[in-house]
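Structure, as structure tokens:
The values are calculated or read from the model by the stated rules, or taken from the named source; none is laboratory data. No experiment lies behind these values; they were computed from the predicted model shown. All Cβ positions, glycine included, derive from the backbone under ideal geometry; neighbour counts span all protein chains shown.
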Amino acid sequence: MGRYIVKRVFLAVVTIWLVATITFFLMFMIPGGPFLAEKSPSPATLEALNRKYGLDQPVIVQYKNYMLNLLKGELGESIKQRGRTVGDIISRGFKVSARVGGISILVSVLIGVPLGCVAALNRGKWLDNLIMVVATFGIAVPSFVISTVLMLIFSIKLDLLPTYGLTSWQHYIMPVIALSFYPTAYISRLMRTSMLDVLGQDYMRTAKAKGLSQFKMLFKHALRNAILPVVTYLGPLIAYTLTGSFVVEKIFTIPGLGNEFISSITGRDYTMIMGTTIFLASLVIIMNLVVDIAYKIIDPRIKLK
Amino acid sequence: MRKRIALLVAIVMVFSLVLSACGGNAGGTKGGTLAVNVGSDPDTIDPALNSAVDGATLIIHVFEGLYTLDKNGVPVPGQAKDVQISDDGTVYTFTLRDGLKWSDGKPVTASDFVYAWNRAIDPETAADYAYMFEVIEGYEEGKLNVTAPDDKTVVVKLKNRVPYFLELTAFPAFSPVRKDIIEQHGDAWATKPETYIGNGPYKVTEWVPGSHITMTKNENYWNYKNLGMQNIKFVLMDDPGAQLNAFIKGEILFTDDIPNDEIDTWKDKPEFHLEGQLGTYYVSFNTQREYLNNPKVRQALILAVDREFIVREIGKAGQVPAGAFVPIGLSDADPSKEFRDVGGNYYDPSDYEGNLEKAKQILAEAGYPNGQGLPAFEYLYNSESEGHRLIGEALQDMWGKLGVKINLVFRNGLHS
């Protein structure tokens, strides 16, 4: 296990380096630049700005400097948000996004998994059909529609919930619902399918023949096996949800990280593009590693190589 | 999102609107907190670096120039108590008020202005609005002829008579800033309440990026007793739909950006105010193309635009069809007269049919009768506002009546 983790960490570093390198060069291929505006700055100003951010150097030298700084853990200063470092912006936004995202992942799992089980156990009956109709709906309706409808009903019509910010627990309700709708639906469908698969296995019939209670059968034997696909799905889901949703954060005015991914690209904020990309890539890689280790814990038969 | 309109009046209007909301609304009792939205998270609120309208609104709450604008946009003494102007109008001698203090209690001195103005033109500062200072002697050499013979006197030597110079001194970029703080903290000084020390009516107490900026009355401000609300919370909202929802719920009492398609529903309600904003929507022609380098072709294209249609069906917010480039709202050399009343129109935007006939005729004179022989050209637009696309489509149709074909090309990253 220890060796396995060392190997995976090594591979992770290589992957992040590749992602950083590709992003770096792709980024400079986008036309435009951070200092373009309808009234372009004077040549002297432009020169000073380029010098300040090292953009006067050849791209390959910039790449070398960036990588050396990255090794030291420095992501540099944001070009657009003057006076703020990329590290600060990411950590500040991530704390907010991760809190909202973390709660919504918890909600998705706590609702999605039982719903999927219930549907599987009632296969073909009205309860199953109802759950699957709701789940299909959840997968089909995009988050901005859900957010807008929620806001219309709970804030405007019923006047129950606040429309912006994150200052009390009431503020979390709508964003969390909007963020967890799709994953809940997806998890319940995933859970239903894999549960049905497990329930049809020979060892389940054996367990039943031994006279195990339905409860024990389900929780001790079936769930453990059936949950593996959900765990696989959770890895990338956690990474993407914790880093925030551009749409939901915009609608509810949540000061999270989601917006930075988009605005850094449209603003050609090179250091922010690199910072957000590397951060997301690292998180995805870490979560995948966590998932693989979780596999091993849930199902001891799985060998990690 | 960014509204980069580099004009004083627009800023003043936004400012006065914020204030007008305190008087008329239930949530705005003196002493409490006024929640408003003037824009999303600003890129910067460094007075020298800012070039956005929302940034300027925030800055003029925290800083004050030698002069400031009153609610009618007329310059009145701010940090200066008076000014002597030389007979030829090139030397301004400002005297500061007595006992001026920064929000941290240190005295405001004449040299703070000298430092701030020279900082703004320094290429290392890289301020968008450095050129605002080019009326002052020494601009080209990088050392402004602005001096502080003593702590209370600022002497400015201009290149020539500049009738609007007092208005300039009220512009956010002309605010004084603190040399000691900036030298110690660099660009980061304008990102934290502890170091964002100003000399204006309010001071920042909290800035949660992407969420809100809260300000409270600055007890060191010379005119403290006449200030309004104890606190102002500037909610940093990006989405027009979200702003409208928060306004309907009363969570914010002012916003200036609601979805275009909501305007029709709101325009007859008492909460809705249309306010002027200086600016002219224009299309740039690429004169590197031979056919567009022909002034007659451009004239024909310009005449064939049905401005009333664009204003009525696309703009919907009370825009005025433009008959010339300079927007309505700027005074002439005689401040009691409107520049455009004196200057007049190049064409009559209300006579579309007549203009179209004339356009066809001029295009024929240019050698392209009914657009024959004129290649189809590209019209570039970006996604910053839905209106850019709609206007592009309208132009495609209008120029089509001349027989001119354009292809609409969407390209992001272009500034509007």
- Message: When you scan the stretch A:241-257, do you find a residue that is away from chain B (no Cβ under 14 Å), farther than 30 Å from A:Glu77 by Cβ and buried (at least 17 other Cβ atoms within 10 Å of the Cβ), even just one?
- Response: no
- Message: Checking the conditions here, which among A:Leu75, A:Leu70 is of a type outside the set (Asp, Glu), under 17 Å from A:Ser263 (Cβ atoms) and within 31 Å of the chain's Cα centre (by Cα)?
- Response: A:Leu75
- Message: Go through the stretch B:111-133 and report how many residues are within 11 Å of chain A (Cβ to nearest Cβ), in contact (Cβ under 8 Å) with a residue 24 or more places away in the chain and either surrounded by fewer than 17 Cβ atoms within 10 Å (Cβ to Cβ) or among the hydroxyl-bearing types (Ser, Thr, Tyr) (or both).
- Response: 2
- Message: Given the condition touching a residue at least 40 places away in the same chain (Cβ under 8 Å), of a type in the set (Val, Ile, Thr) and buried (at least 22 other Cβ atoms within 10 Å of the Cβ), answer yes or no: does some residue in the stretch B:80-101 qualify?
- Response: no
- Message: When you check B:Glu357 against the structure, is it modelled with pLDDT of 90 or more, acidic (Asp, Glu) and more than 19 Å from B:Val311 (Cα to Cα), yes or no?
- Response: yes
- If the Cβ limit is 6 Å and pairs must be 6+ apart or interchain, which residue in the stretch A:39-56 that is farther than 14 Å from B:Ala127 by Cβ and touching a residue at least 40 places away in the same chain (Cβ under 8 Å) pairs with which residue that is surrounded by fewer than 16 Cβ atoms within 10 Å (Cβ to Cβ) and acidic (Asp, Glu)? none
- Got a number for residues in the stretch A:16-32 being farther than 10 Å from A:Tyr63 by Cβ and more than 14 Å from every other protein chain (Cβ to nearest Cβ)? 7
- Message: I need a count of the residues in the stretch B:134-145 that are out of contact with any Asp or Glu (no Cβ under 9 Å at 6 or more places or on another chain) and surrounded by 15 or more Cβ atoms within 10 Å (Cβ to Cβ).
- Response: 5
- Item | The one condition in (1) away from chain A (no Cβ under 14 Å); (2) outside any loop (DSSP other than H, G, I, E, B); (3) over 17 Å from B:Ile406 (Cβ atoms) that B:Ile302 fails to fulfil | (3)
- Note on the structure: The lone condition B:Pro75 fails out of (1) surrounded by fewer than 14 Cβ atoms within 10 Å (Cβ to Cβ); (2) at pLDDT 90 or above is (1)
- Among (1) touching a residue at least 60 places away in the same chain (Cβ under 8 Å); (2) assigned to a loop (DSSP other than H, G, I, E, B); (3) more than 14 Å from chain A (Cβ to nearest Cβ), which single condition is B:Val156 missing? (2)
- Are any of the residues in the stretch B:243-256 under 27 Å from A:Gly93 (Cα atoms) and modelled with pLDDT under 85? yes
- Message: Between B:Ala304, B:Ala317, which is surrounded by 16 or more Cβ atoms within 10 Å (Cβ to Cβ) and either touching a Leu at 6+ places or on another chain (Cβ under 7 Å) or modelled with pLDDT of 90 or more (or both)?
- Response: B:Ala304
- Within the stretch B:53-82, residues in contact with a helix residue (DSSP H, G or I) (Cβ under 7 Å, 6 or more places away or on another chain) and part of a strand (DSSP E or B) come out as B:Tyr67, B:Thr68, B:Leu69, B:Pro75
- Only listed residue being out of contact with any Ser or Thr (no Cβ under 8 Å at 6 or more places or on another chain), within 12 Å of another protein chain (Cβ to nearest Cβ) and under 24 Å from A:Tyr240 (Cα atoms), chosen from A:Gly73, A:Gly93, A:Gly87, A:Gly165: A:Gly93
- State whether one or more residues within the stretch A:183-200 are away from chain B (no Cβ under 14 Å), touching a helix residue (DSSP H, G or I) at 6+ places or on another chain (Cβ under 8 Å) and under 30 Å from B:Gly250 (Cβ atoms). no
- Filtering the stretch A:162-176 down to residues that are outside any helix (DSSP H, G or I) and surrounded by 18 or more Cβ atoms within 10 Å (Cβ to Cβ) yields A:Pro162, A:Thr163, A:Tyr164, A:Gly165, A:Leu166
- Task: Considering only the stretch B:214-242, state which residues are of a type outside the set (Ser, Thr, Tyr), at pLDDT 90 or above and touching an Asp or Glu at 6+ places or on another chain (Cβ under 7 Å).
- Result: B:Leu236
- Message: Could you tell me how many of the residues in the stretch A:141-156 are more than 10 Å from chain B (Cβ to nearest Cβ) and either small (Gly, Ala, Ser) or surrounded by fewer than 18 Cβ atoms within 10 Å (Cβ to Cβ) (or both)?
- Response: 6
- Message: With the requirement that a residue be β-branched (Val, Ile, Thr) and either touching a Pro at 6+ places or on another chain (Cβ under 9 Å) or over 21 Å from B:Val404 (Cβ atoms) (or both), what does the stretch B:305-344 give you?
- Response: B:Val305, B:Ile310, B:Val311, B:Val320, B:Val326, B:Ile328, B:Val342
- Note on the structure: Note: among A:Gly138, A:Gly124, just one is more than 14 Å from every other protein chain (Cβ to nearest Cβ) and not in a loop (DSSP other than H, G, I, E, B), namely A:Gly138
- Checking B:Thr33 against (1) among the hydroxyl-bearing types (Ser, Thr, Tyr); (2) assigned by TED's automatic domain parsing to the domain that holds B:Leu158; (3) closer than 30 Å to A:Ser263 by Cβ, which test does it fail? (2)
- Sole exception among (1) in a helix (DSSP H, G or I); (2) modelled with pLDDT of 90 or more for B:Val311, by number: (2)
- Name the residues in the stretch A:229-277 that are among the polar types (S, T, N, Q) and in a helix (DSSP H, G or I), would you? A:Thr232, A:Thr241, A:Asn259, A:Ser263, A:Ser264, A:Thr266, A:Thr271, A:Thr276, A:Thr277
- Item | Meets criteria (within 18 Å of A:Phe144 (Cα to Cα) and either in contact with a Leu (Cβ under 6 Å, 6 or more places away or on another chain) or in a helix (DSSP H, G or I) (or both)) for A:Thr184 | yes
- Item | Candidate set: the stretch B:45-86, residues that are under 15 Å from the mean Cα position of the chain (by Cα) and among the polar types (S, T, N, Q); chosen: the one nearest to B:Asp256 (Cα to Cα) | B:Thr57
- When you look at B:Val53, is it assigned by TED's automatic domain parsing to the domain that holds B:Thr205, modelled with pLDDT under 90 and either crowded, with 16+ Cβ neighbours inside 10 Å or among the polar types (S, T, N, Q) (or both), yes or no? yes
- Check on A:Ile297, surrounded by 17 or more Cβ atoms within 10 Å (Cβ to Cβ) and either assigned to a loop (DSSP other than H, G, I, E, B) or of a type in the set (Val, Ile, Thr) (or both): no
